[in-house]
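Scroll down for the structure; my scribbles are underneath it.
The values are calculated or read from the model by the stated rules, or taken from the named source; none is laboratory data. None of the values given here were measured: they were computed from a predicted structure. Cβ placement follows ideal geometry from the backbone for every residue including glycine, while neighbour counts extend to all protein chains displayed. Calculation scope for accessible area: heavy atoms of the full protein, side chains included, ligands and nucleic acids excluded. Shrake-Rupley method; radii C 1.70, N 1.55, O 1.52, S 1.80 Å.
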Amino acid sequence: MLVHQILKSKSDDAVVTVAPGTKVSEAAKILAERRIGTVVVSGDGQTADGILSERDIVRVLAKRGGAVLQDPVEQFMTVKLVTCTREDSADAVLQMMTDGRFRHMPVLEGDQLVGLITLGDVVKARLTELSMEKDALEGMIMGH
């Protein structure tokens, strides 16, 4: 299965972005309201400058205290992004996420942000794929 198939199967394929100067408190509010785990930081809404996750916020809060909530997200975002394309395989993406110990990956076409997939999206897609393969094999064995 390829990333573009995973993106198609998502009920909401919009990528939530915030500007680099957005306060951490506002980013946290967006995460909570949208019930999502990460926002992509983008100066123009089209390219990915960085990514900020719930984990990033918790880590900086634990280290520096509540005052960081007034600081801009660009101070704490991950800038060395690991990304994929629509043509990458689910297996390759799953491996990158597992090796890097992260749960969200921007999908780029060139330098343009075209989606965001989560570890949950990839696992769900793989389980669906495995279930279909199992059903097909059972059908072959049963002679259907």
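What pairs in 10/80; 8/63; 29/134; 10/134; 8/80 have C-alpha atoms more than 32 Å from each other?
Numbers: 10/80 26 Å; 8/63 39 Å; 29/134 42 Å; 10/134 23 Å; 8/80 26 Å.
Beyond 32 Å between Cα atoms: 8/63; 29/134.
Surface calculation, 1.4 Å probe, protein heavy atoms: residue 69 sits at approximately 50 Å² accessible. With the convex hull drawn over the C-alpha atoms of region 1-140, the volume per residue is 112 Å³. What you get for the chain, charging only the Cβ of Lys and Arg (+1) and of Asp and Glu (-1), is a dipole of about 640 debye around the Cα centre. Across the protein chains, with a 1.4 Å probe defining accessible surface, the residues 1, 142 rank 142, 1 from largest area downward. Amide H contacts for residue 18 (H built 1.01 Å from N in the peptide plane; partners 5 or more residues away or on another chain; cut-off under 5 Å): 40, 41, 42. Cut-off 10 angstrom, C-alpha nodes, Gaussian network model of the chain. Which of 93, 79, 41 fluctuates the most? Checking each option, the largest mean-square fluctuation is seen for 79.
Annotation for region 1-110: trypsin sites (Lys or Arg not before Pro) lying in DSSP loop with at most 10 further Cβ atoms inside 10 Å of their Cβ are 35, 80, 101. Once both labels are positioned 7 Å from their Cα atoms along Cα-to-Cβ, the gap between residue 94 and residue 123 label points is 1.1 nm.
With a cut-off of at most 16 other beta carbons within 10 Å, and DSSP calling the residue loop, which GluC sites (Glu not before Pro) in region 58-144 qualify? Please list them.
Details: sites: 74, 87, 109, 129, 133, 138; in loops: 87.
Within region 58-144, the qualifying GluC sites (Glu not before Pro) (loop, at most 16 other Cβ atoms within 10 Å) are 87.
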